[in-house]
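Report on the structure given below.
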Amino acid sequence: MFEIEYEFGEEDLIHFNEIQFMRNDEIQHNIQKNRWIVPGVMGIIGGFYYFYYGDMKSSGYILAMAILWALLSPKIMMLDLRRQILKNYTHKEKSNLFGTYTLSIDPANPTYLLEKSPSGKHKMAWADLVRVEYGKRYVYIYIDLSTALVIPVDKVKKGNLEQFAEQAEKMIERFA
């Protein structure tokens with residue numbers, strides 16, 4: 001039987017949502033627009049102050065603000081995203097979400113991935129799972145295109161994650 005046990009916490013949830021956020025082309029396009037259009041308008045205003053009024057000090061401040069906006073606005077948006085992610089969950093949902101998870105593949109009943117989590121025991125059919133994806137510090141077993149079981153590599157308490165992930169990948173391919 002293949003089985004792993006791991007801890008899932010707030011930082012893991014935030015990390016997964018950040019990755020989903022960074023992969024969304026529409027959101028990335030809006031960030032780029034915000035990052036360049038606002039400083040561009042500020043640059044035009046700074047140029048107006050310099051050429052029309054001859055006020056080099058004010059135009060310098062405006063241009064400095066434009067540069068800071070271009071550099072810092074994506075980072076500020078990511079901090080706001082983190083705050084919003086945690087705000088979307090109630091205390092009860094968080095207690096059901098964070099904690100110790102156990103995933104197992106039973107050779108006697110190979111049609112399901114068995115999950116034991118703080119919210120209870122669940123069976124997930126391999127045919128319903130999408131794929132296994134590997135990250136630097138995480139392994140993701142996608143339940144659908146935007147939802148996944150997030151397994152932090154450094155928080156695995158029991159079992160061999162590499163073997164488990166390979167077997168899960170084989171099972172998903174087998175039942176697809």
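Some notes on this structure:
- Simple spin-label estimate for residue 55 and residue 106 in nanometres, 7 Å along Cα-Cβ: 7.5 nm
- Lysine-lysine proximity count for the chain, Cα under 19 Å, sequence distance 8 or more or distinct chains: 15
- Structure-based [θ]222 nm, the chain - -39500 (n - 2.57) summed over DSSP H runs of at least 4, per residue, nearest 500: -18000 deg cm²/dmol
- Here the gap between residue 96 and residue 71, fully extended at 0.36 nm per residue and compared with their Cα-Cα distance, gives a gain of 5.2 nm.
- Using only side-chain charges placed at the Cβ, +1 for Lys and Arg and -1 for Asp and Glu, the dipole size of the range 15-87 relative to its Cα centre rounds to 200 debye.
- Length-normalised contact order for the chain - Cα pairs under 8 Å, 6+ apart - percent: 30 percent
- In sequence order, calculated HN-Hα J values of the range 80-92 (Karplus, 6.51, -1.76, 1.60; Hz; x Gly/Pro): 5, 4, 4, 5, 5, 4, 5, 6, 6, 10, 7, 4, 5
- Short to long, the 10 Å bins of the Cα pair-distance histogram for the chain hold 9, 28, 24, 15, 11, 8, 4, 1, 0 percent of all pairs.
- Spatially, the range 119-176 and the range 14-38 are offset by 26 Å when compared through their Cα centroids.
- GNM top mover of 148, 64, 165 - the chain, alpha-carbon springs below 10 Å: 64
- Extension gain for residue 28 to residue 162 (0.36 nm times residue separation, less C-alpha to C-alpha distance): 45.0 nm.
- Working note: Cα gyration tensor of the range 15-87, eigenvalues times five, square-rooted, sorted largest first, giving semi-axes of 33, 12, 7 Å.
Read-outs: derived from the displayed coordinates by stated rules, not from any lab. What you are looking at is a predicted structure, and each value in this text was computed from that prediction instead of being measured. Glycine gets a Cβ as well: all are built from the backbone with ideal geometry, and neighbour counts include every protein chain shown.
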